[in-house]
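A.B. asks: Below is one structure. I have some questions about it.
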Amino acid sequence: MNHLTLIFIWFLCICFLKFVYSLIWTPWRIQNHFKKQGVTGPAYRPIFGNSAQIQRLFEEAELKPAPTDHHDILHRVAPFYHWWSAMYGTPFLYWFGSKPRLGISDPDLI
């Protein structure tokens, strides 16, 4: 019985370390890598990433009336891209959960 408990504790430790590695260490390392290159963005939030901010920006965009006199609809269709590109510059890093996304609008970079 003692060996079984030890194996179970070992298994829990491995699962915890994998969790910390994939949800904290790897995103932190990616964010620092891009920051050294001058690419910034909204801060990483563990587990959810920037999903809450993206949802909030979409809800705010839906409250504003749709433009009828011009075709500039980026702030309505992709409000997160509109706001973050204005705040952080054209290449910016944002997160879907623990997965990084790079927002780029320059055709040469694409």
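A.B. asks: Considering each of 5, 40 in turn, give the residue that is hydroxyl-bearing (Ser, Thr, Tyr) and within 27 Å of residue 85 (Cα to Cα).
C.D. replies: It is 40.
Residue-by-condition table, conditions (1) touching a Ser or Thr at 6+ places or on another chain (Cβ under 7 Å); (2) aliphatic (A, V, I, L, M); (3) under 23 Å from residue 91 (Cβ atoms):
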position: 17; (1), (2), (3): no, yes, no
position: 24; (1), (2), (3): no, yes, no
position: 41; (1), (2), (3): no, no, yes
position: 62; (1), (2), (3): no, no, no
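A.B. asks: Looking at region 19-27, is at least one residue within 17 Å of residue 103 (Cβ to Cβ) and in contact (Cβ under 8 Å) with a residue 12 or more places away in the chain?
C.D. replies: Looking only at region 19-27, we keep the residues that are within 17 Å of residue 103 (Cβ to Cβ), and these are 27.
Now restrict to residues that are in contact (Cβ under 8 Å) with a residue 12 or more places away in the chain: 27.
Yes, region 19-27 has at least one match.
A.B. asks: List, please: which pairs have Cβ atoms under 9 Å, are six or more places apart or on different chains, and start with a residue in region 76-92 that is loosely packed, with under 15 Cβ neighbours inside 10 Å and end with one that is among the acidic types (Asp, Glu) and at pLDDT below 90?
C.D. replies: Listed by first residue and then by second, the contacts come to 90/106.
A.B. asks: Could I ask something else about it? Please list, ordered by first then second residue, the pairs with beta carbon atoms under 8 Å, 6 or more apart or interchain, first in region 35-59 and free of Cβ contacts under 8 Å to residues at least 60 places away in the same chain, second aliphatic (A, V, I, L, M) and surrounded by 14 or more Cβ atoms within 10 Å (Cβ to Cβ).
C.D. replies: 40/93; 46/23; 46/24; 47/23
A.B. asks: Another one. Write out, first by first residue and then by second, each pair whose Cβ atoms fall under 8 Å of each other, whose residues are 6+ apart or on separate chains, and whose first residue, in region 99-110, is without any contact (Cβ under 8 Å) to a residue 40 or more places away in the chain while the second is surrounded by fewer than 10 Cβ atoms within 10 Å (Cβ to Cβ).
C.D. replies: Taking only residues 6 or more apart or on different chains, the pairs are 104/110.
A.B. asks: If I filter region 70-103 down to residues being hydroxyl-bearing (Ser, Thr, Tyr) and touching a Ser or Thr at 6+ places or on another chain (Cβ under 7 Å), which single residue comes out as farthest from residue 53 (Cα to Cα)?
C.D. replies: Applying the filter and picking the extreme gives 90.
A.B. asks: Quick check on this structure: which one of 81, 21 is touching a strand residue (DSSP E or B) at 6+ places or on another chain (Cβ under 7 Å) and assigned to a helix (DSSP H, G or I)?
C.D. replies: 81
A.B. asks: I would also like to ask the following. If you check 41, 89, which single one turns out to be at pLDDT 90 or above and either among the hydroxyl-bearing types (Ser, Thr, Tyr) or out of contact with any Pro (no Cβ under 7 Å at 6 or more places or on another chain) (or both)?
C.D. replies: Going through 41, 89 in turn, the sole match is 41.
The values are calculated or read from the model by the stated rules, or taken from the named source; none is laboratory data. No experiment lies behind these values; they were computed from the predicted model shown. All Cβ positions, glycine included, derive from the backbone under ideal geometry; neighbour counts span all protein chains shown.
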